[in-house]
Structure formats: C-alpha cells, structure tokens
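The values are calculated or read from the model by the stated rules, or taken from the named source; none is laboratory data. Everything quoted here is computed from the prediction, not taken from an experiment. Neighbour counts run over all protein chains shown; Cβ positions are idealised from the backbone, glycine included. We work out accessible area using only protein heavy atoms, side chains counted, and drop any ligands, DNA or RNA first. Shrake-Rupley method; radii C 1.70, N 1.55, O 1.52, S 1.80 Å.
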Amino acid sequence: MRRLTRHHPIRPLAGAGLAALLAVSLASCASSDRDTAATTSSGGAASEASSAPSSSSGATGSESGGATGGSDDQLIFGAAGAPSMFDPLYATDGETFRVARQLNEGLVTFTPGTADVAPSLASSWESSEDGLTWTFDLQDGVTFHDGTPLDGAAVCFNLDRMYSQTGAGATQAQYWSDTMGGFKDSGTPSVYASCAAPDADTAVITLTRYTSKFPAILGLPSFSIQSPTAIEQYDGNNVVAEGDSFVYPAYALEHPTGTGPFTFGGYDQANNTVTLLRNDNYWGEKAKVGTLIFKIIPEETARKQELQAGTIDGYDLPNPADWDGLTAEGFNVAVRPAFNVLYVGINQKNPDLQDLKVRQAIAYAMNRQQFVDSQLPTGAEVAQEFYPNTVDGWTDQVTQYGYDPEKAKALLAEAGKSDLTVNFWWPTEVSRPYMPNPRDVFTAFKADLEAVGITVNETSQPWNGGYLDGVDAQQADLFLLGWTGDYNTPDNFIGTFFSDPTSRFGTEYASWGTTLSDALGAADTIPDEAERTTAYENLNKQLMGEYLPAVPISHSPPAIVVAGNVQGLVPSPLTDEKFVGVSKS
C-alpha cells in the first residue's frame, strides 16, 4: 500500500477570539488553516438558543453511542445548496458530494480528519514497481443497497462505465476527464487502460502511465462503486444535454444505489429536503441514527436561526462572526484547516483578456488584503498562488500582485484597454467553504475594478441553476470560483484547473494554453518526488508571472457547527465528513 500524502505541520488558528472554539486535531493532513469568508449575515437572533443543549461533547469527532447503532433518531443537517442529482459520476459540486458520501463508497477513502488515503471497499492494495498495475483486495460480505454483491466484476463494471462515457455523459463526468484524461472513444489519451477481475475478491486496474494522484482519486465521490444492476435497470448512463443544462436519468434522480451506511429515501424538492435511511445491511459499523435529512437552506443566516430554533441539528459554513457566539450558546463549532483557494477566473476567449498586461491590471486592481482583512476570519490569508503552502511545489518565488490601482491603470493604458468592459459572474443560492457569501465577494472586487476604469457588467445565477453550466460554457469573462482540495497533490489543484485547454478558463484561445497543459501533464507523471516538486515550483512561477489565467484570492478555514447533543462528526480538511458515526444524546 502506498500513500500519496505527506505530513505537514498544522499552523495554529490565530486569534484569541477563537480560543473557545473546538480544536480540530488533524493527525497528518495536508492542510494549513482554512477560513470561511465573512458574510453579511448578522447573527443577531440568539433568542432561541436555549433549544440547543448546553452540554458539549468536546470535539465533534468524538465517538459515542453503541457500536452497532440502532437508534431511530433523526438527524437534520442544514445544507448550503441543492444537490444537482445523486449520481456522483456526473457531479462536481460539494452539496451533491455531501449526500453521495453517505450513500456510496470507493475502493479507498481518507482517514477521518486527514487527507491520508485509507482502505474502504478495498481492504488492501499493492502496485507494480512501475506504478502501472494496481491490485485491490476487496472487503468480504459487502452488498449494494439492492442486495447484489460487491465483487471484482462490479468494480470493473464501474471503472469501465466511467471510461466509456460519451456525449453529455462524458461532458458531465468531469472528475474523470480532469483526473484520468480521455474516454474510450474520445481520442484523447487516458490514464486508464483496463480493469480485470481474476476472482470475486480482486480487482486489478491497469494504467497507461504513472500518475501522482493514484490511488487517492479512487477515494473521490465521483469514483464511487455503484450497483451495476441498478445502473442498468434505471438507464444510468442516459444523460441528455438540453441547451446549457443537462437532464439526468431515473438512476441519478431517484435510484442511486451504493454500498454506503445510508440508503436513498427521497428528494422532496418542494420542502428542500433529501432523506437518507440507515442501511441495516451495511457491511461495516452501522449508522447511529435511523434517518439523516439534509435540509437545503442557502442563506447562512437562515441556517443559523434554524439551529438556534432547534429545527436542525447542525449546518455547514457558519459565519465566522458568529463562531464565538454559537460556542457561547452551547453549540459545537469546529474549524477545518484551510485546504482551499478562492479565485477570480479570467476567460481567454475574450480577446481583450488575452493580453497579459490586462490580466495583470485586473490582479493589481483587486485589494485582496483588504478583502481578507474585512471579510474573512482570523487565519485567512491572501493567496499567492493557486494552492496552499502545505502542498508540494508551492514557492514564494512567484510574481506578487499587491494592491496598486495606479499600476493597474498604467497597464491598461499600455495595453490600449483603458475602456475595458468585462462580464463578471457570481453565483447565488450557495455558500462554499472558500466563498460563504458570493455577493459580498463580488461587490468588493466589482468596486475595485470600477475604480481603475473597468466597466463591469454583472451577471448572477443560481449555483446549480445556470451558474456552473454557464461558466463552464465560457459565457463569463470573469467569474468567482474556488476549490477545496480532494487530496494532497499539486495536480489536484492546478492540474484540475488548467490541464484542459477547453475548460472555463478558455486557455485554448491563449498562445500558451497547450504548453501549459502539456507541462502539467508531464509534471504529474514524474515518479521522483523531488523532481516532481521542482517541476511544480516552476509551473507556479509561470502561472503567476507569464500566464495568469486567474487571480488567486484567498485561502480560508471554514467551520461546521452542530448542536451540543450531537457527537461523532469529524471535520475534514477535504470537507469529507461522514455521518455514519454521528449520534444524538
């Protein structure tokens, strides 16, 4: 078994105001601190806080309750956005993955609270010396929610299904294309070569080249092993494009079937709730609550008020301004380490933005330090490049873009773009770990751009109601997005962002787009760690000095909060929280 993560020191969460917050101990994760952006929500209304029991279990990661679960308790968790559907193969967003993580499992997972790869459906694995052949030994006695067995053939069915996506399915299977390259009939080289099942207990995956991200990627929700029977019964591959959106099959909407500790109970769109039920046939330790409900509450203030009212048991991304107050009221606020980046993407499809001086002018125009100081909590920091300094290849030897509006104006003038107009997009109906309140983020940088003479045309759309699809269709000139790391490699950040020249950044229109893509691909294939790190250091220098396809804004530590009577939720730097061990007292 081979681990792809490294041990890094965890920097303390600064600030006396956080002293009362729960300490989150990460045994060996890859991250530094992380913040949530401050939002406009006022906290205010704490009048109903007494509904939350005052006794605290201490760390939310503490285990309690019976080893085999069995409680009929219902736990309601406030989600920040709606899932796009329930087949994680076609998802890229955190709210879809939050549900998928409870329903499904991959061959590997991550040790709770860390970015370390750990066994899951595979009890162990080994690779050939060249890193091309990986043999996975499967757990005994695992069945899918429909009662069919997990075996080597089912694993290979899933890997082959992912590899064989076509048309709209291939478009939406973005995690596959971002990490594995092409599909079977796409003509684009793929890291995946084949999968074989020599017996029921074994799956052998063969790769076409070494990659630094294997086998960690098998722990991502998109690589979940799902029931072949259910996928075929409910036409799981029948994804259809309609305009800028996609229509998903019955499998993805109504019949997701994994091996996880919860089964799918239903999605009540009228009441914005997703209901999951304990899987009493689960092969591992069974869930401690009988029903798990994700209640979709896009506004952070509303999530807080519902927690205080006792109508939900926890929620994600509390406003940092509320952390101390929530703790004082008896709620458990756990701050995750920062393992993310917020950025303003710059689409090279717009000819005006293909001039490096224009992109640099945009970077100099943005007062990122003021944004961090005024909107983000203690522990947040301005991002110098596109991933935190705890990831290999980070270097401080990159071009720096301090706030300098006069330099921004001069660069625009040199480029002949003093009258520049941009279409700047921001999302609604969502909070993200790196961007809890998109409106505030947009408002701050819109003002900065207008201050140097740039005309900003504003577009806002719901996160899963046009925003992501529109940005991916290269409709925005500038856009707010970010990323929470899935695992600890540089490729997971800058490889995901910029390897595909046809991505939302439109680097296919830049003279350097293919060069950048090729260099990212080459770096990922370097087996020697030191040599690979040097390659990524050089890439970071080029990204910030020569290419600048986006402006990195900040790294910030988001929090998660639960009522005082909730135990067992382990905050994850990857936002990979599982609810199987969560109970109520």
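Descriptive notes on the structure:
- Considering residues of segment 266-282 that are in a loop (DSSP other than H, G, I, E, B) and out of contact with any Ser or Thr (no Cβ under 7 Å at 6 or more places or on another chain) only, the residue surrounded by the fewest Cβ atoms within 10 Å (Cβ to Cβ): Ala270
Conditions (1) modelled with pLDDT of 95 or more; (2) closer than 27 Å to Cys156 by Cα; (3) charged (D, E, K, R), marked per residue:
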{"site": "Tyr234", "(1), (2), (3)": "yes, yes, no"}
{"site": "Val239", "(1), (2), (3)": "yes, yes, no"}
{"site": "Asp244", "(1), (2), (3)": "no, no, yes"}
{"site": "Glu254", "(1), (2), (3)": "yes, yes, yes"}
{"site": "Tyr267", "(1), (2), (3)": "yes, no, no"}
{"site": "Val274", "(1), (2), (3)": "yes, no, no"}
{"site": "Val289", "(1), (2), (3)": "yes, no, no"}
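- Taking the criterion of being over 29 Å from Thr507 (Cβ atoms), of a type outside the set (Gly, Ala, Ser) and part of a loop (DSSP other than H, G, I, E, B), the residues of segment 547-585 that qualify are Pro557, Asn565, Leu569, Val570, Pro571, Asp576, Glu577, Lys578, Phe579, Val580, Val582.
- Residue check for Leu376: buried (at least 23 other Cβ atoms within 10 Å of the Cβ) and in contact (Cβ under 8 Å) with a residue 60 or more places away in the chain: yes
- Hits in segment 495-522 (condition: part of a loop (DSSP other than H, G, I, E, B) and touching a Pro at 6+ places or on another chain (Cβ under 6 Å)): Phe505
- Of residues in segment 375-398 being hydroxyl-bearing (Ser, Thr, Tyr) and farther than 19 Å from Gly482 by Cα, the one modelled with the highest pLDDT: Thr395
- Gly345 being open to solvent by less than 10 Å² (accessible area, probe 1.4 Å) and under 21 Å from Ser554 (Cα atoms): yes
- Hits in segment 523-546 - residues which are exposed (fewer than 15 other Cβ atoms within 10 Å of the Cβ), of a type in the set (D, E, K, R) and in a helix (DSSP H, G or I): Glu529, Glu531, Glu546
- Counted as qualifying within segment 123-217 are the strands (runs of 3 or more DSSP E) with 1 or more residues that are open to solvent by less than 20 Å² (accessible area, probe 1.4 Å), closer than 25 Å to Arg532 by Cα and free of Cβ contacts under 8 Å to residues at least 40 places away in the same chain, namely 192-199.
- Filter result (among the hydrophobic types (A, V, I, L, M, F, W, C) and either in contact with a Gly (Cβ under 6 Å, 6 or more places away or on another chain) or at positive phi (or both)) within segment 237-293: Val239, Leu276, Leu277, Trp283, Ala287
- Taking segment 504-537 as the range and being aromatic (Phe, Trp, Tyr) and more than 26 Å from Pro351 (Cα to Cα) as the test, only Tyr536 passes.
- Looking across segment 94-149 at every residue that is aromatic (Phe, Trp, Tyr) and closer than 26 Å to Ile293 by Cβ, the one that is modelled with the highest pLDDT is identified as Phe144.
Residues are listed down the side, and each one gets a yes or a no for (1) at pLDDT 95 or above; (2) of a type in the set (Val, Ile, Thr); (3) touching a helix residue (DSSP H, G or I) at 6+ places or on another chain (Cβ under 6 Å):
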site: Lys295; (1), (2), (3): yes, no, no
site: Glu299; (1), (2), (3): no, no, no
site: Gln305; (1), (2), (3): yes, no, no
site: Gln308; (1), (2), (3): yes, no, yes
site: Gly314; (1), (2), (3): yes, no, no
site: Pro320; (1), (2), (3): no, no, no
site: Trp323; (1), (2), (3): no, no, no
site: Glu329; (1), (2), (3): yes, no, yes
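- Test: residue in segment 421-429 that is farther than 17 Å from Ile553 by Cβ, in contact with a Pro (Cβ under 7 Å, 6 or more places away or on another chain) and of a type outside the set (Ser, Thr, Tyr): yes
- None of Pro318, Pro298, Pro256 is in a loop (DSSP other than H, G, I, E, B) and more than 30 Å from Gly379 (Cβ to Cβ) except Pro256.
- Of all the numbered requirements in (1) touching a Leu at 6+ places or on another chain (Cβ under 6 Å); (2) buried (at least 24 other Cβ atoms within 10 Å of the Cβ), Thr257 misses one, and that requirement is (1).
- Identification of helices (runs of 4 or more DSSP H) wholly contained in segment 348-463 with 2 or more residues that are β-branched (Val, Ile, Thr) yields 356-365, 438-451.
- Within segment 252-283, being under 13 Å from Leu103 (Cα atoms) and in contact with a Pro (Cβ under 8 Å, 6 or more places away or on another chain) holds for Phe264, Val274, Arg278, Asn279, Tyr282.
- Selected residue (only one of Thr502, Thr484 is β-branched (Val, Ile, Thr) and within 30 Å of Thr114 (Cα to Cα)): Thr484
- Selection within segment 380-399 - farther than 18 Å from Tyr547 by Cβ and crowded, with 23+ Cβ neighbours inside 10 Å: Ala380, Pro388, Thr390, Val391
- Residue satisfying all of: in segment 305-315; small (Gly, Ala, Ser) and outside any helix (DSSP H, G or I); surrounded by the fewest Cβ atoms within 10 Å (Cβ to Cβ) among these: Gly310
- Filtering segment 321-345 to residues that are of a type outside the set (A, V, I, L, M, F, W, C) and not in a loop (DSSP other than H, G, I, E, B) leaves Asp322, Asp324, Gly325, Thr327, Asn332, Asn340, Tyr343, Gly345.
- Breaking point among (1) at positive phi; (2) open to solvent by 10 Å² or more (accessible area, probe 1.4 Å), for Pro112: (1)
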